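The values are calculated or read from the model by the stated rules, or taken from the named source; none is laboratory data. Quantities reported herein were computed from a predicted structural model and do not represent experimental measurements. So basically every Cβ, Gly included, is an ideal-geometry build from the backbone, and we count neighbours across all protein chains shown. Ligands, DNA and RNA are excluded from the accessible area calculation, which covers all protein heavy atoms including side chains. Shrake-Rupley method; radii C 1.70, N 1.55, O 1.52, S 1.80 Å.
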Amino acid sequence: MTEVLVLVDHVDGQVRKTTSEMLTLAARLGEPSAVFIGDGVQEATPALARYGARKIYQVSDADIESYLVAPVAEVLAQLVESAQPAAVLLSSSAHGKEIAARLAIKTDSGLITDAVDVEVADAGVLATQSVFAGSYTVKSTVTHGTPIFTVKPNSATPQERPGDCQVEVVNATVSDAAKASRIAERREKRATGRPELSEAAIVVSGGRGTAGDFSPVEAFADVLGAAVGASRAAVDAGWYPHTSQVGQTGKQVSPQLYVACGISGAIQHRAGMQTSKTIIAVNKDEEAPIFELVDFGVVGDLFTVLPQATEAVQVQKG
C-alpha cells in the first residue's frame with residue numbers, strides 16, 4: 001500500500017488526540033506513516049502504533065527545533081520526494097497550516113485546509129470541508145502534485161489498529177534560508193486543568209452577557225470537564241485571553257457539545273462553532289440569532305441558569 005504521511009502533533013512525546021484522528025483518516029487512503037519531529041519518540045511509539053502507524057520517521061535535530069516552521073516544511077518536502085506518499089496530513093492549527101502552505105509551495109502541490117473527512121475516489125483523494133460558517137459542505141480534490149490536507153480537530157473518531165511499528169531515523173538537511181527566524185525563548189503554558197480548546201469534546205463559552213464575570217461559565221465547564229471559550233466581544237473587552245476566542249478570527253472548534261452562554265450568535269462567532277455536534281444556548285434575549293442554530297435553547301440569565309445547571313450535574317455525578 002502507498003504510504004500516507006502524518007505529522008505528529010505532540011508535546012515532549014505525549015501524542016495529542018489530533019494525531020490519532022489523523023492516523024485513523026490516513027488508514028482510509030493507504031498505510032499511515034508518522035513523521036515525528038523532536039525528542040520523545042520512545043514515549044510516543046506505543047500510542048502511534050496503537051492507532052495504525054506502521055513506520056515512524058524520527059527527525060531530531062537542533063537546526064529544526066531551534067527555529068520556526070520553515071525547517072519542518074523542508075524536512076517534510078524531502079520525505080515527500082523520497083517516499084512519494086499518497087497524501088500528507090497535518091493538524092489544522094495555525095502552526096500546522098503554515099507548515100502545510102510552505103510544503104505545498106516546496107513540492108508544487110495542492111493544499112486543502114480544515115478538512116473534516118478524506119476518502120479515495122475515482123478523481124483521487126477527496127476531502128470534505130465545512131465552509132461559509134458551516135452553511136455548506138463541499139468536496140474537493142487536489143489535481144496537482146501530492147495532496148496536502150490540514151485536518152480539523154474532532155473530525156474523526158480515533159480507531160485503534162494495533163500492529164508492529166518500525167522507527168526509521170531521518171538525517172534531514174536544513175538550508176540557511178530556513179533559519180531566518182530563531183526561537184529566542186520558550187515558556188511553559190500555565191496549566192488550567194482544562195482540556196485544550198480546539199481538541200475538547202465539550203466547550204462552554206461566554207460572551208458579552210457575562211459582563212466580564214466568567215466564574216459561572218468556568219464553574220459549569222469544570223463540572224463537565226470542558227474547555228472554556230469566549231466570544232470576540234468578550235476577548236476584545238479584555239475579559240478573557242485571546243487564546244480562548246472562538247470564531248472566524250479565533251479558534252474553530254467541533255466538539256460533541258457546545259454551550260454558548262450570553263453570546264448573541266453573530267456570524268463571526270458562528271463560523272467558529274457551527275459544526276459542533278450538539279449546541280445549547282443560554283441567553284436572556286429570546287430574539288438572539290444564536291437560537292436559530294441551536295439544538296436546545298434556554299431563555300434566561302446565565303447567572304441564574306448556569307449555577308442551577310452546575311448543581312444539577314454535581315448531583316447526577318454523586
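Surrounded by 13 or more Cβ atoms within 10 Å (Cβ to Cβ) and in contact (Cβ under 8 Å) with a residue 40 or more places away in the chain, is that true of Thr157? No: the conditions fail for Thr157. Looking at the range 1-113, the helices (runs of 4 or more DSSP H) lying wholly inside it that each contain 2 or more residues that are in contact with a strand residue (DSSP E or B) (Cβ under 7 Å, 6 or more places away or on another chain) and surrounded by fewer than 24 Cβ atoms within 10 Å (Cβ to Cβ) sit at 41-50, 70-83, 94-107.
Considered as a group, the residues in the range 130-154 that are assigned to a loop (DSSP other than H, G, I, E, B), open to solvent by less than 40 Å² (accessible area, probe 1.4 Å) and of a type outside the set (Val, Ile, Thr) include one that is nearest to Pro255 (Cα to Cα), and that residue is Asn154.
Among residues of the range 114-127 being more than 20 Å from the chain's Cα centre (by Cα) and assigned to a strand (DSSP E or B), the one that is surrounded by the fewest Cβ atoms within 10 Å (Cβ to Cβ) is Ala121. The number of residues in the range 268-300 being charged (D, E, K, R) and in contact (Cβ under 8 Å) with a residue 24 or more places away in the chain comes to 3. Annotation: Gly265 fulfils all but one of (1) closer than 17 Å to Thr304 by Cα; (2) in contact with a Phe, Trp or Tyr (Cβ under 8 Å, 6 or more places away or on another chain); (3) without any contact (Cβ under 8 Å) to a residue 60 or more places away in the chain; (4) not β-branched (Val, Ile, Thr); the unmet one is (1). Identification of strands (runs of 3 or more DSSP E) wholly contained in the range 164-282 with 2 or more residues that are open to solvent by 50 Å² or more (accessible area, probe 1.4 Å) yields 166-169.
Among residues that are among the polar types (S, T, N, Q), at pLDDT 95 or above and in contact with a strand residue (DSSP E or B) (Cβ under 7 Å, 6 or more places away or on another chain), Thr278 is included. Restricting attention to the range 283-308, the residues that are outside any loop (DSSP other than H, G, I, E, B) and not β-branched (Val, Ile, Thr) add up to 11. Pairs are defined by a Cβ separation below 9 Å, a sequence spacing of at least 6 or placement on different chains, a first member in the range 127-147 that is more than 25 Å from Thr107 (Cα to Cα) and of a type in the set (S, T, N, Q), and a second member that is assigned to a loop (DSSP other than H, G, I, E, B) and open to solvent by less than 20 Å² (accessible area, probe 1.4 Å); the pairs so defined are Ser130/Lys152; Ser130/Ser254.
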